Amino acid sequence: MKKCINKRCNKDLENDFVYCPWCGKLQTDKPVKRRRTKGTGTIYYRKDNKSKPYAAASSVTGKQVYLGSFATQKEASRALQEYEYNPVSCFNISFEDLHSKWLKTKGYNKLSKSSKQGYSSAWIKLKTLYKRKFRDLRTSDFQEIFDYYENPHHEIGANGQLKYLDKNGKGTYKITNTPKMCNGLGYSALHNLKCLLTSLYTFAMKEDIINKNYATFIELPEKEEINATRFTDIQLELIRQNVGKIPYVNYIYAMCYLNFRVSEFLELTSASFKMTENNIPYLIGGKKSEAGKDRIVPIHPNVQEIVKTCVEQGGQTIFCRSDGKPMNKDYFREYCFYPAMDALGFDHSYTPHSCRRTFSTRMSAAGARQEDIIALMGHTDYKVDVDHYILQEVDTLYSAIKKMA
């Protein structure tokens, strides 16, 4: 017989009592070690890992699987419980390997080329997390990256390497003392990054790797106001007058009459150029949506000579660099469009998309039919999908496009 070690209680207890039935006091100073149920796994202490000394291994599937090391015994126990509930083969998959598995899915392969390029650019920004276990990542890990890119930051190239400035002030991948800085990303670019993470989490949840989407809680900056700039008739005439005088102004002028998105415009090849039996030249291009994919765009008389000259120069694309090589939209903006805007005396509120906006505004002002504008722009009418009952012929669209001066 012994007494409760709680002096306020001091009741007589049997020798085998671990807890006092009267006050609930533990009758020993040493914690009671409870053995885990056989077959559910084990937790053991590792002296070689001071930051995460508690290792967990599960044998719930009949084969022992190492689940990793944890800072506390409670975290290790939680990992065992989660694995017991959902013993998947890729429980410890890295963020990088999860992304590689997602790239092989049907969902990814159905994405448009531009969407894939956008996700590829976004993925590079997550490089610091590649080797981390996906299930260990939390909203704070992603938010830190989003906050970094929202502000002015060290520019990173398409290959994932940081850019620097050489002694001439030009960008280079060679490490110098001066990093090449760029402005913070806006809502659109960061939203695209969040969409990538959402797609990865959706895939991981389908595979039962995790059961919670931490991308949902990422906070984005306020959505920026839409840039609604377009060229006036006077500005368009100034652009026309400088064709052949300022490099790449001919491309800008042509874009105002062809209305392709900048990426679609730069991907047009000589195979895109066609001629009807009535000798009406037109282009076939577009890729963003079903409504805009491979659409017919007759070439306005004002830019027919420009397009013909560009086709005959024999570059890899119609609107290419001076050496005949194709260029992407970033190269076009930095080395072609904005230098031309500077030479013309226009500020940088004008973007390549201003050309497309100029086209739609002038088409509407010229009295073109709504269904013709929709077909030429590659949009879908929200009230009536004209694709279901209207077949747009080249002759019809050419008549519509000639309404512009």
Counting only residues that are among the small types (G, A, S) and free of Cβ contacts under 8 Å to residues at least 12 places away in the same chain, the stretch 341-356 contains a total of 1
| task | Could you please let me know if K163 is assigned by TED's automatic domain parsing to the domain that holds K127, basic (K, R) and surrounded by 13 or more Cβ atoms within 10 Å (Cβ to Cβ)? | result | yes
Going through the stretch 109-127 in order, the residues found to be more than 12 Å from the chain's Cα centre (by Cα), assigned to a helix (DSSP H, G or I) and free of Cβ contacts under 8 Å to residues at least 40 places away in the same chain are N109, K127
**Prompt:** under 31 Å from the mean Cα position of the chain (by Cα), surrounded by 13 or more Cβ atoms within 10 Å (Cβ to Cβ) and of a type in the set (G, A, S): does that describe S77?
**Reply:** no
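Suppose we keep only residues that are at pLDDT below 85 and of a type outside the set (A, V, I, L, M, F, W, C) within the stretch 192-211. Which one would you say is surrounded by the fewest Cβ atoms within 10 Å (Cβ to Cβ)?
As a first pass, look at the stretch 192-211 and keep what is at pLDDT below 85: 207-211.
Imposing the further condition that a residue be of a type outside the set (A, V, I, L, M, F, W, C) reduces the set to 207-208, 211.
On the way: E207: 16, D208: 13, N211: 11.
So the residue we want is N211.
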When the stretch 47-68 is checked residue by residue, the ones that are surrounded by 10 or more Cβ atoms within 10 Å (Cβ to Cβ) and modelled with pLDDT of 80 or more are K52, P53, Y54, A55, A56, A57, S58
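Quick one: which residue in R295, R333, R357 is at pLDDT below 95 and within 24 Å of the chain's Cα centre (by Cα)? Quick ask: steps written out before the conclusion?
Values: R295 fails: within 24 Å of the chain's Cα centre (by Cα); R357 fails: within 24 Å of the chain's Cα centre (by Cα).
Just a single option satisfies the conditions, and that option is R333.
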Log entry, pairs with first residue in the stretch 256-269 being closer than 19 Å to T229 by Cα, second being at pLDDT below 90 and among the β-branched types (V, I, T), beta carbons closer than 8 Å, six or more apart or on different chains, reads C256/T358; Y257/I401; L258/V297; N259/V297; F260/V297
Across (1) buried (at least 16 other Cβ atoms within 10 Å of the Cβ); (2) more than 15 Å from the chain's Cα centre (by Cα), I234 clears everything bar (1)
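The values are calculated or read from the model by the stated rules, or taken from the named source; none is laboratory data. This structure is a prediction, so every number in the text was calculated from the model and none was measured. Glycine gets a Cβ as well: all are built from the backbone with ideal geometry, and neighbour counts include every protein chain shown.
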